[in-house]
1. All but one of (1) farther than 17 Å from GLU309 by Cα; (2) at pLDDT 90 or above hold for GLY325; state the number of the condition that does not hold.
2. Within region 492-504, does at least one residue satisfy the condition of being in contact (Cβ under 8 Å) with a residue 60 or more places away in the chain and either within 25 Å of GLY429 (Cα to Cα) or in contact with a helix residue (DSSP H, G or I) (Cβ under 8 Å, 6 or more places away or on another chain) (or both)?
3. Which residues, counting only those in region 226-257, are farther than 19 Å from GLN178 by Cβ and free of Cβ contacts under 8 Å to residues at least 60 places away in the same chain?
4. Suppose we keep only residues that are of a type in the set (Gly, Ala, Ser) and touching a strand residue (DSSP E or B) at 6+ places or on another chain (Cβ under 6 Å) within region 558-581. Which one would you say is farthest from PRO376 (Cα to Cα)?
5. Looking at GLU622, GLU587, can you tell me which residue is at positive phi, in contact with a Leu (Cβ under 9 Å, 6 or more places away or on another chain) and not hydrophobic (A, V, I, L, M, F, W, C)?
6. Name every residue in region 505-521 that is without any contact (Cβ under 8 Å) to a residue 40 or more places away in the chain, of a type outside the set (D, E, K, R) and surrounded by fewer than 17 Cβ atoms within 10 Å (Cβ to Cβ), in order of residue number.
7. Could you list, in sequence order, the residues of region 522-558 that are of a type in the set (Ser, Thr, Tyr) and under 29 Å from the mean Cα position of the chain (by Cα)?
Amino acid sequence: MGREIICKIWDFPKVVNMAASQAAPAPARALLSGNEAIARAVWACGVRVASAYPGTPSTEILENLARYPDIYAEWSVNEKVALEVAIGASMAGSRSFCAMKHVGLNVAADALMTLTLTGAAGGMVIAVADDVGLSSSQNEQDSRYWARFAHLPLLEPADSQEAHDMVGAAYELSEAFQVPVILRLTTRICHVKGMVVTGERVAHPSQGFVKNPQRWVMVPGHAKARIPLMFKREQALAAAAETSPLNLIAEGSDRRLGFVTCGPAWMHVQEAFPDAPALKLGFSCPPPLEKIRAFAKTVDQLLVVEELEPLLEMELKAAGIACHGKDYLPRAGELPPELLKPAVALLLKGEPAPAAAPVAPAQVFPRPPTMCVACPHLGVYYTLAQLKNITVAGDIGCYTLGAGHPWNALDSTISMGASMGVALGLDKGRSESDKDRKILAVIGDSTFMHMGMQGLLDITYNRGNVTVLILDNRTTGMTGGQDSPNTGRDIYGDPAPKVDFVKICEALGVAPERIRKVDPYQLPVLFKVLREETKIAEPSVIITDRPCVLIGEFKKQPSYKVVAEKCTGCGNCIDVGCPAISVRHREKAVKASGKEVMLQFVDIETAACTGCGLCLQPCAPEAIVLAAQVAPINFAKS
């Protein structure tokens, strides 16, 4: 990248060599995922402050970064706060870093859209991981739109090595133009491993905070003066993109079709069409339109291969560059070679692409997602499934699985923290026929702190008739057990202040007598409390308090076993949903009433059972006992 960029559009001229680091670090090779490679590069670039909120597929970036010395890392309570921390560190003249998944950028958008006017002082990089293919998200979002919306430069790596290298390029670009840089990742980049050449840390001292209200205090008068600078910066960035070595051309002999692509789609194109010319955009926003225009003249037809939306395609067509794109390729999911090849075959034949057909599911043995053995949420959803005339607004976390079999206990899941507002809307918008329906909101501990507290305040302020279930399992379970303000530990495992949910709920306006703490393993108590609180026509909160089974606080108890002779096949224990319980065999039976039923005789996998005792409570024949009380099978006699 041996090219100098001279930038004079902000507060001072600056010359940056995007090719080299400040010193030549000793190279090393390691097998790293994209997330690991990014963490290594952030540390090596001399970053002083890094912040994030855990969210798959970006979580491991900060987890790995926290292991490096000479850098402050934190789990923030949400992505907006994480971005604000990074903004503050940049204002202080330090290099800063922020990471989140695609939906997290929506949460941080308020700060982002002002940041584009203030710009960055110390180098600042925002890594955003799009979940292309919906591996673990409630939607599939193209974060490239945010770069256009906010007039920010965007880099797109295609593998772990590029993810590592583009971090360094991003910081130098950020400081050259005094602008935050978005590094757009996808699940494939984040989690796939490759050999990466790395270097050692090069210190990058803080330059200190420079008082400048006209830049940092974004009242209307100051903001208006920054808008022309933003547009001027964007023009300079567009010129830089035209000659950036991050945008490269792979020559090919078959010039019937040329490709313009970015991110991991580049790898798919290279695999599927190694002989075709292809223009790879690593620095994809602003797009290098003149470079693309010149490339288009060297091929017969141009195909834009991009995940997800036809964003670049529309920009090219608006610039008068003829191209194909989503007229042959889908707008959802990844674009692997097995999808690209038939689409290109039709394009080269001049045949129209067929109407989009739904993607057939993979032919594999069905294995629906479920909660862990002895998960403290199991009893909650078993109990909710027994309640009648209720509507339950769910949220984002492990407990979202309560929407599935056998509980079918959730009626909505929208976004993080939305359960509260949705529940209030269900209450206020209920029909006359639903006037007696009970409204509940279910939310996890870290999600409550992320975006849920405002929703509870809205319920109390507007006198909603809603019961809120806060499922406190003392960790951020969905993303792998990260610490948060309710665990009493920070990202390094050091002691930290621990929040008190009872006091928070009381401070948010819930009457003290309407805040109840229960043990989710005690089903009769849980059922009783739920019945009591949903009958009260005012806001109430029920807090369950048992640790996630995957963290150190959980203590396994002696396991249980089914006494086969006592099992009547009622299946009540199956409704708990514990995956340690399996159906041994089924048989039909006829009740005295003449109704035919299916009996399900069960067994418990003792190696998996953790002795929580949930399955004992709905077992009418008392067929479940401690495994130590069941005589082992004598296989010699059998």
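The values are calculated or read from the model by the stated rules, or taken from the named source; none is laboratory data. Bear in mind the structure is a predicted one, so any value in this text is a computation, not a measurement. Because the Cβ atoms are built from the backbone with ideal geometry, glycine has one as well, and the counts that use them run over all protein chains shown.
1. (1)
2. no
3. Within region 226-257, GLU242, ASN247, LEU248, ILE249, ALA250, GLU251, GLY252, SER253, ASP254, ARG255 qualify.
4. GLY569
5. Selected residue: GLU622, the only one of GLU622, GLU587 that is at positive phi, in contact with a Leu (Cβ under 9 Å, 6 or more places away or on another chain) and not hydrophobic (A, V, I, L, M, F, W, C).
6. Hits for region 505-521 are ALA507, ALA511, PRO512.
7. The answer is THR544, and nothing else.
Residue by residue, here is whether (1) in the same structural domain as GLY34 (by TED's automatic domain parsing); (2) at pLDDT 95 or above; (3) part of a helix (DSSP H, G or I) holds:
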| position | (1), (2), (3) |
| --- | --- |
| ASN139 | yes, no, no |
| MET166 | yes, yes, yes |
| TYR171 | yes, yes, yes |
| CYS190 | yes, no, yes |
